[in-house]
1. Work out how much length Asp64 to Ile358 would gain on full extension: take 0.36 nm times their residue separation and subtract the Cα-Cα distance, in nm to one decimal.
2. Evaluate E = 1/(1 + (r/R0)^6) for Val79 and Val140, where r is the Cβ-Cβ distance and R0 equals 56 Å; express this FRET efficiency to the nearest 0.05.
3. Report the residue, chosen from Ala53, Ala163, Ala253, that carries the largest GNM mean-square fluctuation when the chain is represented by alpha-carbon nodes joined by springs under 10 Å.
4. With the contact rule set at Cα under 8 Å and sequence spacing of 6 or more, what percent relative contact order holds for the chain?
5. Given the options Thr227, Thr36, Thr181, state which has the largest fluctuation in a GNM of the chain using a 10 Å cut-off (strictly under) for Cα springs.
6. In the range 30-114, which trypsin sites (Lys or Arg not before Pro) fall in coil by DSSP and have 15 or fewer other Cβ atoms within 10 Å?
7. Rounded to the nearest 0.05, what FRET efficiency is calculated for Gln118 and Arg57 with R0 set to 22 Å and r the Cβ-Cβ distance?
8. Compute a Gaussian network model of the chain, connecting alpha carbons closer than 10 Å, and tell me which residue from Ile21, Ile200, Ile47 fluctuates the most.
Amino acid sequence: MALLLTVIIYPLFVPNPPLEIIAQGSFFPPGTYVSTYDTVFSSNAYILNLPDAEAKRIAAKLGDQERKDIKDYLVLVGVPEDQIDTTNTIQLLDQWTKNYDPKKNIPGMIFSKQRYYQRLDKSLAGLLSTEGLILAAKNVDTGTLEQVGQINQSDYVNIKEVASVRTLPLGTDNFGRDVLTELVKATSVSLMIGLIAGLIATFIGLVLGLLSGYIGGTVDDVIMFITNLFTVIPSFVLLILISYSVGQEHRGAVMVATVIGFTSWVWTTRAVRSQVISLRNRDHVNLSKLSGHSLFFIITHDILPYIASYVVMALILQISSAILAEASLSVLGLGPKTSEVPTLGLMMNWAMIYQAQILGKWWAYFPVLIVIALITFSMNLMNTGLDQVFNPALRD
């Protein structure tokens, strides 16, 4: 219910398109993003004398890992290790300023590490400076830069007064899209796929199971032959082959759901058949036969109501299985086409392609795993609860 309410209510407050690219870059971390331009030019400056401001500023740019990396670099360029004190910020930055050379080639250092040290050097610039920043603008008449303002380290802004602020609770993905908005839409699409596929698979399994179990004879033999044939062939392999043959351009969400539904009816057919066989010789069914009722009437009025609860539980399991099947297909690159709507499987596929798990960008894939786990767990829990309601043996 929490997932369903989120899927319904969230778009009412955040109507942004789920695939809208809002960031020029990939994997922005979760947080609140404030426009620097609006902060400087559109807000009032408040002077706050906070004693821990400098310590926080240094800690944000020079953490334990950065201090260790600086020490490693200094050792590589010849600074004695016993002369490097990573706890002395002033001394450490002074040694870094004197010894770091971005153009120097150090044997054994890979290119990505060199780029890392270049970014680190840029972030450390002016870290211990007590002076403010000067704002300059070009004079229209002379073409020279002139000072138009100054930002001191004690200047603060009230975030409520900043015009442009965007909160991204789950950051952005590899394409620069809001992960939370994308996740909510993907959950609704995956639930729709699961519902369509579950209804198709349950309907086919129900019809074939009813006919096979009640009529018997040649009809039963033919249906069971087809069922056994599909049982021998792994359904997921069949699903992969059909999805691949359909083609990327024709694989919409409904098409994928239909393919999953037409390959997932086997176990429902066998289960319904076994239930009908146990019911077809009951007294009320025989009485209905003697009364001259038609085959359709007997199946719908004398057999189907007795297995309705079982069919509902089968539908729930089919929905859960279909969501997992779509996720598996999309991870393999055989899910719905990526230009229309996101799904939980497509989000996992995008995260894997752009190595989010290797880069440590957990917000691109971990929330998707949590949502898939919650959906399947809740549906299995729902199935267990219904079983306890409808099964007299468990109820007693």
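1. That pair, Asp64 and Ile358, stretches by 103.7 nm at full extension.
2. Given R0 = 56 Å and the Cβ-Cβ separation, E is 0.70.
3. The residue with the greatest mean-square fluctuation here is Ala53.
4. That works out to 21 percent.
5. Looking only at Thr227, Thr36, Thr181, the largest GNM fluctuation is found for Thr36.
6. Details: sites: Lys56, Arg57, Lys61, Arg67, Lys68, Lys71, Lys98, Lys103, Lys104, Lys113; in loops: Lys103, Lys104.
Those satisfying the criteria are Lys103, Lys104.
7. Rounded to the nearest 0.05, the efficiency is 0.55.
8. Of Ile21, Ile200, Ile47, the most mobile in the Gaussian network model is Ile47.
Every number here is computed from the coordinates shown, using simple stated rules; none is lab data. All values derive from a computational prediction rather than experimental measurement. Note that we place each Cβ from the backbone using ideal geometry, even for glycine, and neighbour counts take in every protein chain shown.
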